[in-house]
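Structure first, then comments.
The values are calculated or read from the model by the stated rules, or taken from the named source; none is laboratory data. It should be emphasised that the depicted structure is a prediction, and the values quoted were computed from it without experimental measurement. Counting neighbours? That spans all protein chains shown, and the Cβs are built from the backbone with ideal geometry, glycine included. The area values use the complete protein model at the heavy-atom level, side chains included, leaving out ligands, DNA and RNA. Shrake-Rupley method; radii C 1.70, N 1.55, O 1.52, S 1.80 Å.
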Amino acid sequence: MPTSFTLPAIRAEAAGLWRLAWPMLVGQLATVGMGVADVAMTGHASADELAAVSLGASIWSIILVTVTGVMMAMNSIVAHDVGAGQLGKIPRAVRQGLWKASASASSPRCWPTWPRCCSTTST
(Lines give C-alpha, C1' and ligand atoms only; values in the text may rest on other atoms or scores of the structure.)
Protein backbone atom coordinates (compact mmCIF):
# COMPACT_ATOMS: atom_id res chain seq x y z
CA MET A 1 0.00 0.00 0.00
CA PRO A 2 1.77 3.17 -1.14
CA THR A 3 1.92 6.07 1.27
CA SER A 4 1.91 9.62 0.02
CA PHE A 5 3.91 12.16 1.93
CA THR A 6 1.81 15.15 1.06
CA LEU A 7 1.17 17.93 3.52
CA PRO A 8 -2.55 17.10 3.97
CA ALA A 9 -1.74 13.44 4.61
CA ILE A 10 0.91 14.35 7.17
CA ARG A 11 -1.47 16.80 8.89
CA ALA A 12 -4.22 14.17 9.04
CA GLU A 13 -1.81 11.62 10.51
CA ALA A 14 -0.49 14.14 13.05
CA ALA A 15 -4.03 15.04 14.08
CA GLY A 16 -4.91 11.37 14.61
CA LEU A 17 -1.74 10.82 16.59
CA TRP A 18 -2.45 13.85 18.76
CA ARG A 19 -5.97 12.56 19.56
CA LEU A 20 -4.41 9.34 20.82
CA ALA A 21 -1.43 10.90 22.59
CA TRP A 22 -2.85 13.83 24.56
CA PRO A 23 -4.48 11.76 27.35
CA MET A 24 -1.21 9.95 27.96
CA LEU A 25 0.68 13.22 27.92
CA VAL A 26 -1.66 14.73 30.51
CA GLY A 27 -1.36 11.64 32.70
CA GLN A 28 2.43 11.65 32.59
CA LEU A 29 2.60 15.37 33.34
CA ALA A 30 0.20 14.90 36.26
CA THR A 31 2.36 12.13 37.68
CA VAL A 32 5.53 14.17 37.42
CA GLY A 33 3.72 17.24 38.74
CA MET A 34 2.61 15.29 41.82
CA GLY A 35 6.24 14.52 42.67
CA VAL A 36 7.32 18.09 42.03
CA ALA A 37 4.55 19.47 44.23
CA ASP A 38 5.42 17.06 47.04
CA VAL A 39 9.08 18.01 46.92
CA ALA A 40 8.31 21.73 46.70
CA MET A 41 6.03 21.63 49.75
CA THR A 42 8.49 19.56 51.76
CA GLY A 43 11.47 21.74 50.89
CA HIS A 44 10.39 24.27 53.50
CA ALA A 45 10.53 21.77 56.39
CA SER A 46 14.08 20.43 56.53
CA ALA A 47 16.73 18.66 54.51
CA ASP A 48 15.89 15.25 56.04
CA GLU A 49 12.22 15.49 55.13
CA LEU A 50 13.11 16.72 51.67
CA ALA A 51 15.42 13.76 51.14
CA ALA A 52 12.76 11.32 52.35
CA VAL A 53 10.05 12.74 50.08
CA SER A 54 12.42 12.85 47.10
CA LEU A 55 13.35 9.21 47.66
CA GLY A 56 9.70 8.25 47.98
CA ALA A 57 8.85 10.10 44.77
CA SER A 58 11.62 8.32 42.87
CA ILE A 59 10.54 4.90 44.16
CA TRP A 60 6.93 5.70 43.24
CA SER A 61 8.04 6.69 39.73
CA ILE A 62 9.88 3.39 39.24
CA ILE A 63 6.86 1.38 40.35
CA LEU A 64 4.45 3.45 38.27
CA VAL A 65 6.55 3.18 35.10
CA THR A 66 6.93 -0.58 35.57
CA VAL A 67 3.20 -1.16 36.04
CA THR A 68 2.36 1.19 33.17
CA GLY A 69 4.72 -0.70 30.86
CA VAL A 70 3.16 -4.04 31.72
CA MET A 71 -0.36 -2.71 31.30
CA MET A 72 0.44 -1.02 27.98
CA ALA A 73 1.26 -4.45 26.58
CA MET A 74 -2.36 -5.37 27.23
CA ASN A 75 -3.47 -3.03 24.42
CA SER A 76 -1.91 -5.18 21.74
CA ILE A 77 -3.06 -8.44 23.32
CA VAL A 78 -6.67 -7.27 23.59
CA ALA A 79 -6.58 -5.78 20.09
CA HIS A 80 -5.27 -9.09 18.71
CA ASP A 81 -8.05 -11.04 20.41
CA VAL A 82 -10.72 -8.59 19.20
CA GLY A 83 -9.35 -8.76 15.66
CA ALA A 84 -9.32 -12.55 15.76
CA GLY A 85 -12.90 -12.60 17.05
CA GLN A 86 -11.83 -14.38 20.25
CA LEU A 87 -13.65 -12.16 22.73
CA GLY A 88 -13.78 -14.92 25.34
CA LYS A 89 -10.00 -14.77 25.76
CA ILE A 90 -9.95 -11.08 26.73
CA PRO A 91 -11.03 -11.33 30.41
CA ARG A 92 -8.37 -13.95 31.17
CA ALA A 93 -5.68 -11.94 29.39
CA VAL A 94 -6.58 -8.78 31.31
CA ARG A 95 -6.60 -10.66 34.63
CA GLN A 96 -3.17 -12.12 33.85
CA GLY A 97 -1.91 -8.66 32.98
CA LEU A 98 -3.15 -7.28 36.28
CA TRP A 99 -1.46 -10.14 38.15
CA LYS A 100 1.80 -9.52 36.31
CA ALA A 101 1.63 -5.79 36.97
CA SER A 102 0.97 -6.26 40.68
CA ALA A 103 3.74 -8.86 40.96
CA SER A 104 6.25 -6.64 39.19
CA ALA A 105 5.26 -3.61 41.28
CA SER A 106 5.73 -5.50 44.55
CA SER A 107 9.00 -7.05 43.45
CA PRO A 108 12.11 -5.87 45.34
CA ARG A 109 13.87 -5.18 42.03
CA CYS A 110 11.62 -2.14 41.69
CA TRP A 111 13.27 -0.65 44.75
CA PRO A 112 16.97 -0.36 43.85
CA THR A 113 17.70 2.11 46.67
CA TRP A 114 16.08 0.02 49.41
CA PRO A 115 19.31 -1.45 50.94
CA ARG A 116 21.04 1.94 50.98
CA CYS A 117 18.19 3.99 52.41
CA CYS A 118 17.28 1.51 55.14
CA SER A 119 20.79 0.81 56.36
CA THR A 120 21.27 1.41 60.06
CA THR A 121 25.03 1.70 59.87
CA SER A 122 26.65 4.99 59.01
CA THR A 123 29.41 5.14 56.44
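When VAL32 is evaluated against the numbered criteria (1) within 22 Å of the chain's Cα centre (by Cα); (2) of a type outside the set (Phe, Trp, Tyr); (3) at pLDDT 90 or above, which criterion, by number, is the only one it fails?
Only one criterion in (1) within 22 Å of the chain's Cα centre (by Cα); (2) of a type outside the set (Phe, Trp, Tyr); (3) at pLDDT 90 or above is unmet by VAL32, namely (3).
State yes or no: is HIS80 in a loop (DSSP other than H, G, I, E, B) and either aliphatic (A, V, I, L, M) or farther than 25 Å from ALA105 by Cα (or both)?
no
Does ALA93 meet the test of being assigned to a helix (DSSP H, G or I) and over 20 Å from MET24 (Cβ atoms)? Please lay out each step first, then the result.
Values: assigned to a helix (DSSP H, G or I): yes; over 20 Å from MET24 (Cβ atoms): yes.
So ALA93 passes the test.
Within the range 49-90, work out how many residues are among the charged types (D, E, K, R) and either within 21 Å of THR31 (Cβ to Cβ) or in contact with an Asp or Glu (Cβ under 8 Å, 6 or more places away or on another chain) (or both).
1
Hey, can you tell me all the residues within the range 72-108 that are open to solvent by less than 100 Å² (accessible area, probe 1.4 Å) and of a type in the set (S, T, N, Q)?
SER76, GLN86, GLN96, SER102, SER104, SER106, SER107 - these are the residues of the range 72-108 that are open to solvent by less than 100 Å² (accessible area, probe 1.4 Å) and of a type in the set (S, T, N, Q).
Identify, from the list TRP60, TRP111, the residue that is at pLDDT below 80, surrounded by 13 or more Cβ atoms within 10 Å (Cβ to Cβ) and out of contact with any Phe, Trp or Tyr (no Cβ under 8 Å at 6 or more places or on another chain). First the steps, then the outcome.
Details: TRP60 fails: at pLDDT below 80.
Sole residue among the options that is at pLDDT below 80, surrounded by 13 or more Cβ atoms within 10 Å (Cβ to Cβ) and out of contact with any Phe, Trp or Tyr (no Cβ under 8 Å at 6 or more places or on another chain): TRP111.
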